[in-house]
Amino acid sequence: KELGNEQAISVNKAVKTHIAAGGEKLVDGDNSTFWKSNAQDSWIAIDLDGLCVVNHVLIDWFGAVNGKQKVQYNVGGKTMLHKKGRFTHLTLKGLAGEIYIKLQKSRSYSIREVT
């Protein structure tokens, strides 16, 4: 999936969430599918399968933005960059081997894609 001149590096990458199943819907490149969590504190970890230059993160919510998010770029288990807020499009330039998103302060979350 391309975004202008950029490539969505998360498509079809390994993803884990606090729930055992369904995380692959976040990176399947199909915005007709979505991932849902009914836990107030939820998380998503996308393994980029190597070190990547990341310019921004798009969170395609199924409906309105829910709660607050903390987006982290991790390299070798260490947090390199992070930002907190309410996001659909977050500009955060840096290196990442993993994109980790912590979701808080809502009873549920529904997200189509993270790119």
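What size of dipole, in debye to the nearest 20, comes out for the chain about its Cα centre when the only charges are +1 on Lys and Arg C-beta atoms and -1 on Asp and Glu C-beta atoms?
Working: 16 positive and 11 negative charges, 138 e Å.
Dipole of the chain, to the nearest 20 debye: 660 debye.
Using θ = phi - 60° in the Karplus curve 6.51 cos²θ - 1.76 cosθ + 1.60, the 3J(HN,Hα) couplings for the stretch 29-45 round to x, 10, 7, 8, 9, 8, 9, 10, 10, 10, 9, 4, 9, 10, 8, 9, 10 Hz; x is entered for Gly and Pro.
Database remark: amide H of residue 75 closer than 5 angstrom to the amide H of 80, 97 (H placed geometrically; neighbours at sequence offset of 5 or more, or on other chains; Pro and chain starts carry no H). Across 95, 58, 103, the residue with the most accessible area heads the list, and the full order at a 1.4 Å probe is 95, 58, 103. Work through the residues other than residue 35 whose Cβ is under 13 Å from its Cβ and net out their charges, Lys, Arg +1 and Asp, Glu -1. Result for the local shell: -1. Each Lys or Arg adds one and each Asp or Glu takes one away; over the other residues whose Cβ falls under 11 Å from the Cβ of residue 112, this sums to -2.
Largest accessible area first, the listed residues 34, 87, 62 line up as 62, 34, 87 when surface is computed with a 1.4 Å probe on the assembled protein chains.
Of the labelled figures [x] 0.96; [y] 1.50; [z] 1.68, only one reflects Cα Rg over 2.2 N^0.38 Å as derived from the coordinates, namely [x].
All other residues with a Cβ under 11 Å from the Cβ of residue 62 taken together, and with Lys, Arg as +1 and Asp, Glu as -1, what is their net charge? Neighbourhood net charge equals +1. Each residue of the stretch 79-92 was assigned a 3J(HN,Hα) from its phi angle through the Karplus expression (A = 6.51, B = -1.76, C = 1.60, θ = phi - 60°), giving 6, 9, 9, 7, 8, 10, x, 10, 10, 10, 10, 10, 8, 8 Hz with x at Gly and Pro.
By a 1.4 Å probe calculation restricted to protein chains, residue 13 has an accessible surface near 60 Å², given to the nearest 10. Surface calculation, 1.4 Å probe, protein heavy atoms: residue 10 sits at approximately 0 Å² accessible. Estimated at the nearest 10 Å², the accessible area of residue 109 is 0 Å² with a 1.4 Å probe. If you roll a 1.4 angstrom probe over the protein chains with everything in place, what fraction of the accessible area of the chain belongs to carbon and sulfur, to the nearest %? Of all accessible area on the chain, carbon and sulfur atoms account for 47 percent.
Full-extension gain between residue 82 and residue 49, please, as 0.36 nm times their residue separation minus the C-alpha to C-alpha distance.
Working: separation 33, 0.36 × 33 = 11.88 nm, distance 1.95 nm.
Gain on stretching residue 82 to residue 49: 9.9 nm.
Computed on the chain, with alpha-carbon pairs under 8 angstrom and 6+ residues apart, the relative contact order is 35 percent. Ordering 47, 28 by accessible surface, largest first, gives 47, 28; the 1.4 Å probe counts only protein heavy atoms, with every chain in place.
Centroid-to-centroid, using Cα positions, the stretch 82-115 and the stretch 43-66 are 5 Å apart.
The values are calculated or read from the model by the stated rules, or taken from the named source; none is laboratory data. Please read these numbers as outputs of a predicted model, since none were measured by experiment. Cβ: placed from backbone, ideal geometry, glycine included. Neighbour counts: every protein chain shown. Heads up: the accessible areas ignore ligands, DNA and RNA and are worked out on the full protein's heavy atoms, side chains in. Shrake-Rupley method; radii C 1.70, N 1.55, O 1.52, S 1.80 Å.
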